[in-house]
C-alpha cells in the first residue's frame, strides 16, 4: 500500500522584531525579517518539488494566517498547540499522522537543505526499516523529524534548544525500543556565524535557495 506524504512546517510569519531575534543585534529587525521571509519561501519551494506532498503549516499563532494564506495558498493551516516547542511539534505531527501516511516536520531555518534529504526520509520510512528519521543539525539539534506512526514520547520530554537535543532524543528512542535512522548532517541558521557560513556556501555553489541567496547578496556579509 502506498502512503501519502505529508510535510508539517513549524513556522511563524516573518514580522520585524518577532522572528530570528538572535540575529537582530547584528542585522537589525528589518533585515532579519527579510532573511526570515526568504528562508521560509525557499523552504516552501523545497517542499513543492514533489507534487505528491501535502503541505501543512503549523503557525506560531492564528494571526499569522493572512501571511501564510498568501505565501502558500495550497497549504493546510492550523495554529500550534502546547506550552513548549516540544509539545507544539509533537501535537502538530500527531494531528496529521494517520493510518496511511508518512509525516515529516521541518523548520524554516535550513533553506540550503537539498531536496534529496526529503526523498531519503520518505524512502526510509516507506521501507519500514526504522520508526523515525532524524536530520541531525550541526549545533546538536535536528532540522527534520519524520515518522509513519506517532512517537510523541521522544519529543515532548526533551529539553529543546540545547546542544544535546539529538543525543537526548536518540537515547530516549533507544530506551523505548524505537528505531531511528539518521540523515545527513546540515547546519541551520540561528546566529550571525550561521548566516556568514550560509553566505560562504552560496558563494561556492550555484543554484538553489534563490530567495535566501538574493537577500544575502544584498547584505554583503
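Every number in this text was worked out from the coordinates using simple rules, so none of it is lab data. This is a predicted model, so every value here is computed, not measured. Cβ atoms come from the backbone with ideal geometry, glycine included; neighbour counts cover every protein chain shown.
Brief remarks on what is shown
- Within segment 138-159, the residues that satisfy the criterion of being outside any loop (DSSP other than H, G, I, E, B) and buried (at least 21 other Cβ atoms within 10 Å of the Cβ) are 142, 143, 144, 145, 146, 147, 154.
- Matching residues, segment 118-134, being closer than 21 Å to residue 11 by Cα, without any contact (Cβ under 8 Å) to a residue 60 or more places away in the chain and out of contact with any helix residue (DSSP H, G or I) (no Cβ under 6 Å at 6 or more places or on another chain): 134
- Hits in segment 176-209 - residues which are in a helix (DSSP H, G or I) and surrounded by 14 or more Cβ atoms within 10 Å (Cβ to Cβ): 192, 194, 195, 196, 197, 198, 199, 201, 202
- Single residue of segment 210-221 satisfying the filter (within 14 Å of residue 23 (Cα to Cα) and in a helix (DSSP H, G or I)) that is farthest from the chain's Cα centre (by Cα): 219
- Test result for residue 69, without any contact (Cβ under 8 Å) to a residue 12 or more places away in the chain and touching a strand residue (DSSP E or B) at 6+ places or on another chain (Cβ under 8 Å): yes
- For segment 92-102, a tally of residues being buried (at least 20 other Cβ atoms within 10 Å of the Cβ) and either free of Cβ contacts under 8 Å to residues at least 60 places away in the same chain or in contact with a helix residue (DSSP H, G or I) (Cβ under 9 Å, 6 or more places away or on another chain) (or both) returns 2.
- Any hit, segment 107-117, residues being in a helix (DSSP H, G or I), closer than 20 Å to residue 43 by Cβ, touching a strand residue (DSSP E or B) at 6+ places or on another chain (Cβ under 8 Å) and in contact (Cβ under 8 Å) with a residue 40 or more places away in the chain: yes
- Residue that is nearest to residue 128 (Cα to Cα), among those in segment 161-175 that are in contact with a helix residue (DSSP H, G or I) (Cβ under 8 Å, 6 or more places away or on another chain) and surrounded by 16 or more Cβ atoms within 10 Å (Cβ to Cβ): 173
- Restricting attention to segment 103-137, the residues that are more than 14 Å from the chain's Cα centre (by Cα) and crowded, with 22+ Cβ neighbours inside 10 Å total 2.
- Residue list for segment 1-51, filter: touching a strand residue (DSSP E or B) at 6+ places or on another chain (Cβ under 7 Å), closer than 22 Å to residue 147 by Cβ and surrounded by 15 or more Cβ atoms within 10 Å (Cβ to Cβ): 3, 5, 6, 7, 8, 9, 10, 11, 43, 47
- If you go through segment 160-169 and pick out every residue that is in a loop (DSSP other than H, G, I, E, B) and either without any contact (Cβ under 8 Å) to a residue 12 or more places away in the chain or under 22 Å from residue 127 (Cβ atoms) (or both), you end up with 0.
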